[in-house]
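Worksheet for the structure shown next.
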Amino acid sequence: MERLVVLITGCSSGIGLSLAVRLAADPRGAYKVYATMRNVAKKERLMECVKGSRKDTMDVLQMDVTDQQSILEARDMIKEKRVDILVCNAGVGLIGPLEVQSLEVMRQILEVNVLGTIRTIQAFLPGMKARRSGRVLVTGSVGGLQGLPFNEVYCASKFAVEGVCESLAILLQHFNIHVSLIECGPVNTNFLANLRRPEPDEETLTRVDPRTRALYDTYLQHCDEMFQDAAQEAEDIAEVFLEAIRSQSPALRYYTNSALLPLTTLKLAARDGSQYVKSMSQFVFSSHKAQEP
Ligand SMILES: NC(=O)c1ccc[n+]([C@@H]2O[C@H](COP(=O)([O-])OP(=O)(O)OC[C@H]3O[C@@H](n4cnc5c(N)ncnc54)[C@H](OP(=O)(O)O)[C@@H]3O)[C@@H](O)[C@H]2O)c1
């Protein structure tokens, strides 16, 4: 049986790492995984996790999705000279009142989440098209399906990814290439640690009006609660990826956390949107009443 060649971005931690380990440890040895990361000095955790798996099921490659050259160099290192399954997973969060975000940081987020995803797909699409076969899987987010306060730029990036994937999916079915978004709610990874955010004592943040700051504090508590109560493990997400990979007829969207679906459904059903906006506001700001200063 010819092994399926899988390339995954952002494998130094979290979802990318778990998926790489899960596929490399496949008992049938069905996959050859190219686990890519922007800083290969971080590969130790991944290597520790695959210890004991079959030999030759994983190679680690350097790939920074913001660096076109590194994508092309990684592509050239693939021994099989093809990728059957491309997983665009690398991503970074950004939180905080919009008015404090610098253009530079906002650009970096869009650069990784949007252009990084597009660049990676661009590099592997011609090969898939030529072979009339392939899978593109992308780590999506609830933040790409509905807006979340204090996540405006992150949501913009993830909404953009939805648009890219949905548009491509329509075209690529003519090439027998399937595009799937794995839509995640909160997942216990390094995402929160890696999240870009203004420091609480940052001067720009102290200049924000008191009402916004109070709502921001309330929202941060809501996030903590969501991660405590509803977060999934990266291994659970890897299983959803596997479901998509194994499907003969993969869906465009897989929702990993059914607990979050009612709000998404409410959004789609809302006629003028205002009821949905009120419901979301209640959801994110109700657990701790933001004090009117
Ligand atoms: N965790 C959640 O709650 C959650 C929810 C919804 C969606 N997601 C999405 O899930 C994906 C994976 O995140 P995660 O939760 O697994 O968080 P994570 O543990 O922080 O992993 C993110 C990965 O992306 C990599 N990365 C960042 N910038 C990169 C770049 N320029 N080039 C290549 N790799 C880069 C990171 O590498 P470094 O180690 O070098 O930084 C890391 O390997 C992201 O797209 C995120 O938006 C996460």
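Every number in this text was worked out from the coordinates using simple rules, so none of it is lab data. Note that the coordinates shown come from a computational prediction; the quantities given were computed from them, not determined experimentally. Glycine gets a Cβ as well: all are built from the backbone with ideal geometry, and neighbour counts include every protein chain shown.
Mean 1/r over all different Cα pairs, inverted: what Kirkwood radius does the chain give, in Å?
Across the chain, the inverse of the average 1/r is 20.0 Å.
For region 99-223, just the Cα atoms, rotate onto the principal axes and tell me the three extents in Å, largest first.
Sorted from largest, the Cα extents of region 99-223 read 56, 27, 23 Å.
Which of the GluC sites (Glu not before Pro) found in region 156-237 are loop residues per DSSP with 15 or fewer other Cβ atoms within 10 Å of their Cβ?
Those satisfying the criteria are E202.
For region 119-181, which semi-axes, largest first and in whole Å, follow from the square roots of 5 times the eigenvalues of its Cα gyration tensor? Provide the component values of the computation, followed by the final result.
Details: eigenvalues 141, 21, 12 Å².
So the three semi-axes of region 119-181 are 27, 10, 8 Å.
When the Cα centres of region 69-109 and region 23-47 are compared, how far apart do they sit, in Å?
Comparing the Cα centres of region 69-109 and region 23-47, I get a distance of 18 Å.
Residues with amide H under 5 Å of G134's amide H, sequence separation 5 or more or different chain, H placed in the peptide plane at 1.01 Å from N; which?
H178
So what does the Cα-only Debye profile of region 1-123 read at q = 0.19, 0.20, 0.22 Å⁻¹, as log10 I(q)/I(0), no solvent term?
-0.98, -1.07, -1.24
Where does region 9-75 land on Rg(C-alpha)/(2.2 N^0.38 Å)? Before the final figure, lay out the partial values.
On the way: Rg = 11.6 Å, N = 67, 2.2 N^0.38 = 10.9 Å.
Computed over Cα atoms of region 9-75, the ratio equals 1.06.
Evaluate Rg over Rh across region 196-252, taking Cα atoms for both radii and Kirkwood's formula for Rh.
So for region 196-252, dividing Rg by the Kirkwood Rh gives 1.27.
With θ taken as phi - 60° and the coefficients 6.51, -1.76 and 1.60, list the Karplus ³J(HN,Hα) couplings across region 227-242 in order, rounded to whole Hz; mark glycine and proline as x.
Values, residue by residue: 5, 5, 8, 10, 6, 9, 8, 4, 5, 5, 5, 4, 5, 5, 4, 5 Hz.
Using only DSSP helix segments of four residues or longer, with each worth -39500 (n - 2.57), what per-residue ellipticity at 222 nm results for the chain after dividing by its residue count and rounding to 500? Mind dumping the intermediate values first?
On the way: 12 runs with 135 residues, N = 293.
Rounded to the nearest 500, the figure is -14000 deg cm²/dmol.
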